[in-house]
Amino acid sequence: MRDVVITGVGLASSAGEGLEAHLTALAGGSPNTDAASFEPFPVHPAVPLEWDRQIPKKSDQRQMEPWQKLGCYAAGLALDAAGAKDDAALKGRMQLIVSAGGGERDYAVDGQILTGLRQADNPGVILNERLMGDLRPTLFLAQLSNLLAGNISIVHGVTGASRTFMGEESSGVDAIRIARERIASGQDEIFLVGGSYNAERPDVLLIYEMGGFLWKKPYAPVWERSADGGGMILGSGGCFLVLESREHAAARGAKPLAAIAGVASDRSRRQPGSVEGALHGLSRQLGAKPELVISGATGIKGITDEERAALKDIAPGAAIHATGDLVGHTMEAQAPIGVALAADLIAGGGPSEALVTSIGHWRGEGAIRLTKA
């Protein structure tokens, strides 16, 4: 099996743009939280970005929804960091795996349809006409979650094979897992992997609140929320990673940040104790002995407590940071953001081994082991 290394990271979120901004935020200071726009639900909003820097054409920007722009922007940052942005031949064989959700609602159209139905003599005919003529292609009937991958290919010229995974937090873990396994086995040489999420949407806040998942009080750190009922604070952000074999990176003179030593995932039935047991099992599978943990804990009561209990056994004495305290819960981008932070801390002379955890808000557990490159 070949070593798989990280040679580029692109990251944008509520904490800022780039790794330096995120490490500064990780070291201290209050997180960027908006408690007013969607009251009573706080969110971590993405910082304003100069889209032109990574998405030069205004026409491309106009046809992307916010989550796509965040992802496309982060992908460009990762290519820059990996020294691949201007290498058309390299990007032509670079493969792409995206973890993505569905399209975003068009609230104006939704309102017009609902208003029209109340006044229509034949609501079925009116509904069919509006659905056929007004919905953007990112919405059902066909959802088209792979539009982010398509936009990355168009804007940045990454034209190797492309895959898009859906499945909230687990899709981010599996995107990294599949890329890592294909490189380690010798099937492929280089991948661009990541995801993005837009939390500043009333429709997703409604969906997660119906499940009882959201925190509805002023900001509190992830590990403290369980004692007060629990809940997650969603965050907007995008993160992409360039992964390649050690030999491939050396041949093109790319300096690795860290190595991905293993990725493991599970889908427990979420009975009491199942998350704690799953994390123990994933840790044993990876042979993890981390000095640092970047946790994707949600803050939801029960599963957050179980993760904390498991980490006391898995990583005694390790420094533990929650991405939810830094950027909020970013769903599909959660695992890539954790890996990005761990990789940069390792590259900066920090720990020799780190563990990134990703616990889904209702199903799915993942763990990623990183070591010095």
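The values are calculated or read from the model by the stated rules, or taken from the named source; none is laboratory data. Remember, predicted model here, so these are calculated numbers, not experimental data. Note that each Cβ is placed from the backbone with ideal geometry, even for glycine, and that neighbours are counted across all protein chains shown. SASA here: full protein model, heavy atoms, side chains in, ligands and nucleic acids out. Shrake-Rupley method; radii C 1.70, N 1.55, O 1.52, S 1.80 Å.
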* Orientation-averaged projected area, Cα convex hull of segment 282-321 (nm²) -> 2.8
* **Shape parameters for segment 226-373, alpha-carbon atoms, Rg then Dmax in Å** => 15.2, 53
* Would you calculate the volume per residue, in Å³, of the smallest convex hull containing every Cα atom of segment 163-232? => 131
* Mean residue ellipticity at 222 nm from the helices of the chain, using -39,500 (n - 2.57) per DSSP H segment of n ≥ 4 over the full residue count, to the nearest 500 deg cm²/dmol? -> -12000 deg cm²/dmol
* To do: Once you have all Cα-Cα distances for the chain, histogram them in 20 Å bins from zero and send the whole-percent values.
  => 31, 57, 12, 0
* Asked: Scaled to the compact-protein estimate 2.2 N^0.38 Å, what is the alpha-carbon radius of gyration of segment 98-235, rounded to two decimal places?
  -> 1.38
* What FRET efficiency do you get for residue 250 and residue 352 if R0 is 22 Å and r is their Cβ-Cβ distance, rounded to the nearest 0.05? -> 0.60
* Once the Cα gyration tensor of segment 160-201 is diagonalised, semi-axes √(5λ) in Å -> 24, 10, 7
* **Gaussian network model of the chain, springs between alpha carbon atoms under 10 Å - residue of 225, 182, 53 with greatest fluctuation** => 53
* Volume in Å³ per residue [convex hull over Cα atoms, computed for segment 171-274] -> 164
* Calculated from backbone phi, Karplus (6.51, -1.76, 1.60) coupling profile of segment 336-345 in Hz, x at Gly/Pro -> x, 5, x, 5, 4, 5, 4, 4, 6, 5
* Once you put a point 7 Å from the Cα of residue 35 and another 7 Å from the Cα of residue 110, both along the Cβ direction, what distance in nm separates them? -> 2.6
* Structure fact -> In nanometres, the difference between 0.36 nm per residue of separation and the alpha-carbon distance of residue 119 and residue 216 is 31.3 nm
* To do: Provide Rg and Dmax in Å for segment 1-121, with only Cα atoms included in the calculation.
  => 19.2, 66
* Kindly sort 298, 24 by accessible area of their heavy atoms, largest first, with the probe set to 1.4 Å. => 24, 298
* **With eigenvalues of the C-alpha gyration tensor scaled by 5 and rooted, segment 224-276, Å** => 37, 18, 9
* For segment 63-175, compute Rh as the Kirkwood radius over C-alpha pairs and then the Stokes-Einstein diffusion coefficient at 4 °C and 1.567 mPa s; write the answer in µm²/s, rounded to an integer. => 81
* Structure fact -> Debye calc, one equal point scatterer per Cα of segment 69-119, no solvent, log10 I(q)/I(0) at q = 0.17 1/Å comes to -0.66
* To do: Return the Cα extents of segment 296-344 along principal axes one, two and three, sorted largest first, each rounded to a whole Å.
  => 26, 25, 15
* **Rule-of-thumb Rg ratio for segment 53-98 [Cα; 2.2 N^0.38 Å; N residues]** => 1.20
* Structure fact -> Proximal lysine pairs in the chain, meaning Cα under 28 Å and 8 or more positions apart or interchain, come to 24
* **Cα principal axis extents for segment 198-253, largest first, Å** => 52, 27, 18
* **Residues listed by number, segment 98-135, amide nitrogen under 11 Å from residue 207 label point at 7 Å toward C-beta** => 101-105
